Amino acid sequence: MFSKLATVVRAACTVALGAALLGPVAGAAQAQPGAPVLGGGSGIVIDDAFECTLTTVGYDGAGRLVGITAGHCGDPGAQVYAEADRGAGVVGRFVHSDPRLDYAVIQFQPGRVTPVNRVGNVTIAGIGGPAAFPMIVCKEGRTTGNTCGISWGDVFATNIETWSQMCVVEGDSGAPVVVGNQLVGMVNAYLAFACYGPEVGTNMTTIMDDLNGRNSIGSGFRPI
């Protein structure tokens, strides 16, 4: 359970990051041959109105291609477009969104996505445990690209989230947080000031435990 202070701070941060997702979205681009390429760090557009970042793409235990992103990016049923190839149309839909842990599951339509494990400067080879102080973590976001910083660890002893001194701004929600090539968390929010305030995000081990416990779409997830 969050402490009262941790809950208040996290709620304030999520509003700061999530509310700004309502900004204007660029016009649809010409569709390119082949399915859009998507992986952890790719930009996505939700319901033709909101921009976020994919945390990772992979297959669940039933062989379905799914993605993970921040929960405040969309509700179940929300449509997903690849930001880099809007002309390709809807490539998937949100099937689960958890407000407590702030993560969501996207199920992609068969044949509509080319999944990859590297976007920009981040490669995802597996899922690792939470980053502790003073480890260096990095993220790949659709807005600010690749940034790194020191991990402050689990500041409020929640066993759920990790804080870091890493630049994130609106649209980076859901961005993969890695130590080397291990996915350890996602970007959910920042405190006080964009890029300067500490970043806070849910640990991937926490997300995986919750996802596998649901025994539904996304359970048994493994990254590409």
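The values are calculated or read from the model by the stated rules, or taken from the named source; none is laboratory data. The shown structure was predicted, so the numbers you read here are calculated from the model rather than taken from an experiment. Virtual Cβ from ideal backbone geometry, glycine too; neighbours counted across all protein chains shown. The protein model used for the area step is the full one, side chains on, heavy atoms only, and it has no ligands, DNA or RNA in it. Shrake-Rupley method; radii C 1.70, N 1.55, O 1.52, S 1.80 Å.
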Pick from Ala20, Ala12: which is surrounded by 14 or more Cβ atoms within 10 Å (Cβ to Cβ), modelled with pLDDT under 95 and of a type outside the set (Phe, Trp, Tyr)? Ala20
One residue is enough: does segment 52-72 have a residue meeting the conditions surrounded by fewer than 16 Cβ atoms within 10 Å (Cβ to Cβ) and acidic (Asp, Glu)? no
Based on what the data block shows, is Thr202 under 14 Å from the mean Cα position of the chain (by Cα), buried (at least 24 other Cβ atoms within 10 Å of the Cβ), among the hydroxyl-bearing types (Ser, Thr, Tyr) and within 24 Å of Asn117 (Cα to Cα)? yes
Could you tell me whether any residue of segment 75-83 is part of a strand (DSSP E or B) and touching a Lys or Arg at 6+ places or on another chain (Cβ under 8 Å)? yes
Regarding segment 135-155, can at least one residue be identified that is buried (at least 21 other Cβ atoms within 10 Å of the Cβ) and over 23 Å from Ala194 (Cβ atoms)? no
Out of everything in segment 75-88 that is of a type in the set (Gly, Ala, Ser) and in contact (Cβ under 8 Å) with a residue 40 or more places away in the chain, what residue ends up being surrounded by the fewest Cβ atoms within 10 Å (Cβ to Cβ)? Gly87
Taking segment 89-98 on its own, how many of its residues are closer than 13 Å to Leu211 by Cα and either open to solvent by 50 Å² or more (accessible area, probe 1.4 Å) or of a type in the set (A, V, I, L, M) (or both)? 1
Complete set of residues in segment 110-127 that are touching a Ser or Thr at 6+ places or on another chain (Cβ under 8 Å) and open to solvent by less than 50 Å² (accessible area, probe 1.4 Å): Val119, Ile124
Within segment 196-224, how many residues are farther than 27 Å from Arg64 by Cα and modelled with pLDDT under 95? 2
Using the structure shown, decide if Gly218 is touching a residue at least 24 places away in the same chain (Cβ under 8 Å) and within 12 Å of the chain's Cα centre (by Cα). no
Within segment 98-191, strands (runs of 3 or more DSSP E) holding 3 or more residues that are without any contact (Cβ under 8 Å) to a residue 24 or more places away in the chain: 145-153
